[in-house]
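Notes for the one structure printed next.
Read the figures in this text as sums done on the coordinates, not as results from a lab. Note that the structure is a prediction, hence the values are computed from the model and not measured. Cβ: placed from backbone, ideal geometry, glycine included. Neighbour counts: every protein chain shown.
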Amino acid sequence: MLKINDFSAGYGNTQVLFNINLHIKKGDILGIIGPSGSGKSTLLRCLNRINEEDSNFYQNGEILLNGKDLLDINTPLHEIRKTVGLVFQKPCIFPCSIIDNVLFGLKFERNLTELQKRKLTEEILVDVGLFDEVKDRLKSSAQELSVGQQQRLCIARALILKPKILLLDEPTASLDPDTTNNIEQLVQSFAKKITTVFVTHNMEQARRTCNRVLVLNKGRVVQDGTKEQVFKAGTNPLFSSLIAQV
C-alpha cells in the first residue's frame, strides 16, 4: 500500500533521515519507536508533507501510496492530507464549537448537504466514543472538553475525511491510563478500514496496539518486522537496551 524507497530528509545542514526503506501494508498498525531525536516524528510528517512548511526542509527518494507519488509537486497538498490524516501529540483544537471542529474537515466537500454533513459528524463521534459525552452540547466550545476528549475529537476530525492512512504522533503522551486505553482500542477497532502509523515512546503500548514495529536510531532503521519478530528476536545492542525498559 505505502512504499518508502531510499528516502532521506533533513533541515538545512542537518540530515535527520538516512536511506529509509519501508513497505506498509493495508490494515497495518505500524508502531515507530526509538530514542528521542531519532527521526520518528520527522518520518511521520513526511508522509503527508507537513514538513514542507519549513523552508529549510529537504527530502529525496520516493513515497508511493498505491503507486502514486506523494512527493509529486503537482499533487495538491489538501488532497494528500485528506488521504493521509495526522493527529498530533497535543490536541489541535480550533477555536469554535465541537461540531464545527469535526465539520471543518468537510468544508471542501461541496457535494454533501448540511444534513448529510451533520449525520456524518454524529456517526464519526459515535465511532470515537465521544457522541454520548457531547451530544447535548455540540455547539459548545471544543476548548471546554477535557484533554482526552479533545484528542478523540481531533481523531474524529481526521477520520471524517475517510483517509486511507492515519498518522498518530504520540497521541496518548499526555493522557491518563483510562483515556490512553480508549484510544488504543479505538485505533485497533478501525484497523480493517484504515492503515495506521503510530509514533510512541511506550514500548508496552507498541506491544498492545501494533502488529508491526519499526525501530529508528539516529535516522536509520534498526529493526523492522512483526511485533513478535521485533520484540523476541531483536539483537541490535540499542534495541536490547530499549527492550530492557519495558
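Here are a few things to note about the model shown:
- Loop chymotrypsin sites (Phe, Trp or Tyr not before Pro), the stretch 48-117, which have at most 14 other Cβ atoms in a 10 Å radius of their Cβ (DSSP): 108
- Model label sites at residue 58 and residue 107, defined 7 Å from Cα along the beta-carbon direction, differ in position by 3.4 nm.
- GNM remark for the chain: springs join alpha carbons under 10 Å apart, and the peak mean-square fluctuation among 66, 101, 21 falls on 66.
- Whole-number D in µm² s⁻¹ for the stretch 150-196, Kirkwood Cα-pair radius fed into Stokes-Einstein, 20 °C, 1.002 mPa s: 194 µm²/s
- With the helix formula -39500 (n - 2.57) applied to DSSP H stretches of n ≥ 4, the chain reaches a computed 222 nm mean residue ellipticity of -9500 deg cm²/dmol.
- Span from the the stretch 180-218 Cα centroid across to the the stretch 48-100 one, whole angstrom: 20 Å
- 5 angstrom amide H check on residue 28, placed H, neighbours 5+ away: 196
- Trypsin sites (Lys or Arg not before Pro) restricted to DSSP loop in the stretch 1-83 with at most 15 other C-beta within 10 Å: 25, 26
- Of the residues 80, 33, the one with the fewest other Cβ atoms within 10 Å heads the list, and the complete ranking is 80, 33.
- Shape of the stretch 45-130, Cα gyration tensor, a/c cut at 1.5: prolate
- Amide hydrogen proximity for residue 225: with H placed 1.01 Å from N in the peptide plane, the residues at 5 or more positions away or on another chain lying under 5 Å are 213.
- Relative to the current alpha-carbon distance between residue 136 and residue 115, full extension at 0.36 nm per residue lengthens the span by 5.8 nm.
- Above-threshold pairs, the threshold being 24 Å between Cα atoms, out of 139/164; 25/162; 40/107: 139/164; 40/107
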